[in-house]
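Working notes, beginning with the structure itself.
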Amino acid sequence: MATGESDCLFCRIVAGEIPAEIVHRGEAVVGFRDVAPQAPVHVLFVPTAHHANAAALAAAAPEAAAELVTAAAAVADAEGLDGHYRLVFNTGTGVGQSVFHAHLHLLGGRSMTWPPG
Ligand code: AMP
């Protein structure tokens, strides 16, 4: 399904039915602060249309997938991250995906180790 789903948390945030601290609104992408931030800057970028994960989004709407990254880079600049940040798509419960509406995590503002846990 490529439009809002009534039982999807992020569709409801995009629709304004659930409050969030919105930091970006673009053509096909909305960015809002994560409710449980894992870094000083932790913003989620979601397509306004519903897709279950990043790969499904890229297959159906590659321009929206690209917009997630360009929006994240713009917010990283606006937040003063000076080109040092991490972008993450968790895909599948085994690596921590908990919301099944594609979303890109922007994390920054502290040092990070690699590999991730
Ligand atoms: P993931 O675990 O990769 O699926 O990421 C889902 C993210 O959504 C987590 O980092 C949660 O903290 C975040 N989250 C859950 N509910 C909300 C909400 N109502 N507003 C903002 N972020 C949320």
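The values are calculated or read from the model by the stated rules, or taken from the named source; none is laboratory data. On a predicted model such as this, the values are computed, not experimentally measured, just so you know. Neighbour counts are summed over all protein chains in view; Cβ atoms, including those assigned to glycine, are modelled from backbone coordinates with ideal geometry.
Filtering segment 14-36 to residues that are outside any loop (DSSP other than H, G, I, E, B) and away from the ligand (no atom under 13 Å from the Cβ) leaves HIS24, ARG25, VAL29.
If only residues of segment 37-55 that are in a strand (DSSP E or B) and within 11 Å of the ligand (Cβ to nearest atom) are counted, the one that is farthest from PRO116 (Cα to Cα) is VAL46.
Can you name the residue in segment 14-38 that is in contact with a His (Cβ under 9 Å, 6 or more places away or on another chain) and touching a residue at least 24 places away in the same chain (Cβ under 8 Å) and, of all such residues, is farthest from ASP82 (Cα to Cα)? Walk me through how you get there before you give the answer.
Initially, segment 14-38 is screened for residues in contact with a His (Cβ under 9 Å, 6 or more places away or on another chain), giving 14, 30-34, 36, 38.
If we keep only those that are touching a residue at least 24 places away in the same chain (Cβ under 8 Å) too, we end up with 14, 31, 34, 38.
Working: VAL14: 28, GLY31: 19, ASP34: 20, GLN38: 19 Å.
This residue is VAL14.
Whenever a residue of segment 90-117 is part of a loop (DSSP other than H, G, I, E, B), its partners that are of a type in the set (D, E, K, R), lying with C-beta atoms within less than 7 angstrom and at least six residues away or across chains, give the pairs MET112/ARG86. Put simply, of ALA59, ALA71 the only residue that is modelled with pLDDT of 95 or more, more than 15 Å from the chain's Cα centre (by Cα) and not basic (Lys, Arg) is ALA59. Consider segment 54-71 and keep the residues that are closer than 9 Å to ALA102 by Cβ and touching a Phe, Trp or Tyr at 6+ places or on another chain (Cβ under 7 Å). The one that is surrounded by the most Cβ atoms within 10 Å (Cβ to Cβ) is LEU68. Name the single residue, out of those in segment 76-117 being among the small types (Gly, Ala, Ser) and touching a helix residue (DSSP H, G or I) at 6+ places or on another chain (Cβ under 9 Å), that is nearest to VAL43 (Cα to Cα). Ranking the qualifying residues of segment 76-117, first place goes to GLY108. When SER6 is tested against (1) touching a residue at least 12 places away in the same chain (Cβ under 8 Å); (2) of a type outside the set (Lys, Arg); (3) more than 10 Å from the ligand (Cβ to nearest atom), exactly one condition is not met: (1).
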